[in-house]
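The values are calculated or read from the model by the stated rules, or taken from the named source; none is laboratory data. Keep in mind it's a predicted model, so treat the numbers as computed, not measured. Here the Cβ is made from the backbone with ideal geometry for all residues, glycine too, and neighbour counts use every protein chain on show.
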Amino acid sequence: MSGVFGYDVAIVGAGNVGAAIARELARFELRVAVIEAGRDVGAGTSKANTAILHTAYDAKPGTIEARLVARGYSLLAGYADEVGIPLERTGALLVAWDDGQLARLPAVAQRAGQNGYGRTRPVGVDELYAKEPHLGPGAVGALEIPDEHIVCPFTPVLAFATQAVLAGVDLRRNERVVEMERVDGGWRLETSRGSIKAHWIVNAAGLHSDEVNQLAGHDEFTVTPRRGELIVFDKLSRPLVRHVILPVPTETTKGVLVAPTVFGNVVLGPTAVDVEHKDDTSSTTEGLAYLQEQGQRILPELMAHEVTAAYVGLRAATENSDYQLLTDAERQYVCAGGIRSTGLTSSMAIAEHVRDELGDAGLALREKPTGLPVVRMPSIGEAQLRPFADSARIASDPEYGRVVCFCERVTRGEIRDTSRSPIPPTDLDGLRRRTRALMGRCQGFFCRASVAATLADQGGLDSAGLQGQAS
Amino acid sequence: MTGGSESERVDVAVIGGGPAGLAAATSLCESGLGKVVVLEREPELGGIPRHARHQGFGLRDLHRSLSGPRYATRWVELAASAGADLRTETQVTGWTDTGALELTSPRGRSLLEAHAVVLATGCRERPRAARLVPGSRPDGVLTTGALQQLVYRHGASPGRRAVVVGAEHVSFSALLTLSHGGARAVAMVTEHPRHQTVAAFRAGARLRFRTLLLTRTALTRILGRARVEEVELTDLDTGEARRITCDLVVFTADWIPDHELAVLAGAALDPGTRGPAVDAAFHTTRPGLFAAGNVLHGAETADIAALSGRAAAESVVRFLDGDPWPGFRVSIECEEPLHWIAPNSIVAPGSGVSSPFRLRALEIVRSRELEISQDGRMLWHGRVKRLMPGRSARLPGGWTALVDAGGGRVVVRVA
């Protein structure tokens, strides 16, 4: 039967969730494809998140999300150490700005406990200002969440996908699934590039997971994209803040946070506004003004610093308050949709869950004797030893001493390496997520042309396209 | 730092190999100083003039009119023949606790100790993000700096229909670059009531490029998916918004000094210029660290940056001869609508150089009468040539002799 089926499993979507599932399934004797409509892995809802490793302290108790975020936390923290994903163990302070908020802190701690997280601790106002001396005036107390950390928003999905590809998974970028048809023993997928047959479909299509769900003959949920605007401040502001500074959540929103980033910046955001279109990643005058107003209260000195970037993420929110994990064993379909901003943390746990669902439904999971290939991701975190600062590395290869992106100190050697990696970048955005090039304060004033030329040269890409020339 | 770094000692390290840095190094070498090193992070020396093809470089410093690249080459030759040690592909990434410079180059990671350091890292234009312009994030949004490199150094054609934000000298230079790159500038927008360049540039732009100049207008939104498709322009007087079709947006001017190394050195920044605060002799607040050229403030022309480097060199020589680093200083602050003044602090009156001050405003100010006072005491009252963004007024420095070294800050305001 398998003769006519190119794949045992076809995963639709190569974001954090899809890539994590691909990596998990790559452990087994399976033929797996990941079909990604975008130009790159992790280029949809995955690329714009607040980059926090969540403890699940504030998840709704009893939900799948609460369970998988907690499990995903330990999986991703361990994986980060294993493959070199930038992770800084900053901890978080959930700050109360008035007595009403202060009164709600015990309930926050209690909910954390219900989610299996027992390490929260009340912090008095003096200790709070000692820990965060630049915090705006008026805070009355806080709850410490010592294990809420900052993590690289880009490297996890690249690590998952790289490991999957090295283990033989077929990553198909730039291919959109347009139709899915049940055939005997599985599915036939019509895509923008042709036809694929697979026994099982796994829906990890993020913002489009409701549409793929419908293509599979289901109709359990609708994704309403929720826009989150974020402002990234200049690295010179980094000394202003040590922890993730969280607001006290309300029934309707998690609110605006201030956090350091693993690249050495400070991020302020997100807003949360439901929008109509799944590609509406526009920032707004109102959103940016609201963030500045919030920032002025939380960390006033931050507002005197230069803004390095403003970006927008869309979360795949649904009308249901939990992840949409569904298995239709009869139709050989698993859905991992409606994964919201916690998906970065939970992705590896979702992958385990999907693996078990597939196994329970009858997919033979025979482990490969070789296990997963070892990967080591590039050191792009500020707390890591980066190539430009690594004497031994430059001595062994001078290309690591040739800085091409000056603000972020990205070297020619790193652009070369990523161009030769299993999943090379195909555009400047992809390069940015892999190396930090062009992510800095000058946004290309000094180096855009030469960075693009280097990528074109090293990656064998079309120079005109990369230079942003009009087509 | 990791192990294995080598440390080297020199007399003066100049950070930045543009006009200011090269001019400083040239003068330092001509003064007979021992070892002067210029650290340039790019593969090539010369700085920003390399990217500008128009004539007119070198009028005030070299007393001739050259194209940008010719001018840059000339300064490289002067510095080299004076005996400066010119190192390219060498980026200063920070300072050690003991004040040595941390360097990265293809030759390795190393430390450099210098008796004096001249910071000449220049300035850059604020990109779209720093200006918080809302909208989508398509391709086709550049600064003049990025545009000039694309067109002149990589032969790229950046787009077809451009909207230029800003109407200063550099904005008109962007028009020329666009035309060389095969793009037409359909509109130039400025929030001010008129352009801030010389009339000849404006007239040239109108005749040659037929570019529409929209004053009192803000670019309030960028639209487009993969590529810029439209921009929204808002009339600041009526609040009326309209859209213009274009595939390229060039953000010009709105300068910010490249001040990272000054901040990392612990040198104070001036709140107006956002560059390191300096006195008339280019001393920052960190002993041994001088700053010159456009790192001190929004961009002046290359020749003025070079003259600044040359003047800073004189101070460096005196410092190396044993002149003490100024301790106490009085700061000079501007009141709005003035933007900045440079230099922006005064050490013991009457000492050191008394160079003229440069002054810019946040908007085009009708009155050109200024007054300068300290603790309510008038130090100077007079008239300057212009008060506007993008072009400096020069202010004589004689009044500094009247400053009370033990008094409060000096305030400059429009009378």
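Numbers for the structure displayed
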{"read-out": "Some residue of the range B:222-239 being part of a loop (DSSP other than H, G, I, E, B), at pLDDT 95 or above and in contact with a Gly (Cβ under 7 Å, 6 or more places away or on another chain)", "value": "yes"}
{"read-out": "Qualifying residue in the range A:422-430 (condition: at pLDDT 95 or above and within 11 Å of chain B (Cβ to nearest Cβ))", "value": "no"}
{"read-out": "Flag if A:Val403 is buried (at least 24 other Cβ atoms within 10 Å of the Cβ), in contact with a Ser or Thr (Cβ under 7 Å, 6 or more places away or on another chain), within 8 Å of chain B (Cβ to nearest Cβ) and among the β-branched types (Val, Ile, Thr)", "value": "yes"}
{"read-out": "Per-region count, the range B:55-105, residues within 14 Å of chain A (Cβ to nearest Cβ) and of a type outside the set (Gly, Ala, Ser)", "value": "13"}
{"read-out": "Residue identified as closer than 18 Å to A:Gly18 by Cβ and hydroxyl-bearing (Ser, Thr, Tyr) among A:Ser421, A:Ser341", "value": "A:Ser341"}
{"read-out": "Among (1) modelled with pLDDT of 95 or more; (2) of a type outside the set (Ser, Thr, Tyr); (3) outside any helix (DSSP H, G or I), the one test that B:Asn294 misses", "value": "(3)"}
{"read-out": "Among the candidates B:Pro127, B:Pro134, residue that is within 8 Å of chain A (Cβ to nearest Cβ) and more than 21 Å from the chain's Cα centre (by Cα)", "value": "B:Pro134"}
{"read-out": "Qualifying residue in the range A:462-469 (condition: assigned to a loop (DSSP other than H, G, I, E, B), in contact with a strand residue (DSSP E or B) (Cβ under 6 Å, 6 or more places away or on another chain) and within 13 Å of chain B (Cβ to nearest Cβ))", "value": "yes"}
{"read-out": "Neighbours by Cβ (under 6 Å, 6+ apart or cross-chain): first from the range B:269-290, in the same structural domain as B:Phe319 (by TED's automatic domain parsing); second acidic (Asp, Glu)", "value": "B:Ala277/B:Asp270"}
{"read-out": "Unmet criterion (only one of (1) within 14 Å of chain B (Cβ to nearest Cβ); (2) closer than 16 Å to A:Pro300 by Cβ; (3) in contact (Cβ under 8 Å) with a residue 40 or more places away in the chain) for A:Val258", "value": "(1)"}
{"read-out": "Scan of the range A:125-166 for residues that are part of a helix (DSSP H, G or I) and out of contact with any helix residue (DSSP H, G or I) (no Cβ under 9 Å at 6 or more places or on another chain), ordered by number", "value": "A:Val125, A:Asp126, A:Glu127, A:Leu128, A:Tyr129, A:Ala130, A:Lys131, A:Leu166"}
{"read-out": "Selected residue [more than 14 Å from chain B (Cβ to nearest Cβ) and surrounded by 14 or more Cβ atoms within 10 Å (Cβ to Cβ)] from A:Pro387, A:Pro373", "value": "A:Pro373"}
{"read-out": "Residue match in the range A:325-340 (condition: among the polar types (S, T, N, Q), assigned by TED's automatic domain parsing to the domain that holds A:Asp8 and closer than 28 Å to A:Glu382 by Cβ)", "value": "no"}
{"read-out": "Positions within the range B:131-150 being surrounded by 24 or more Cβ atoms within 10 Å (Cβ to Cβ) and among the hydrophobic types (A, V, I, L, M, F, W, C), in sequence order", "value": "B:Val141, B:Leu142, B:Ala146, B:Leu147, B:Leu150"}
{"read-out": "Strands (runs of 3 or more DSSP E) fully within the range B:329-404 counting 2 or more residues that are of a type in the set (D, E, K, R)", "value": "B:357-361, B:369-374, B:377-383"}
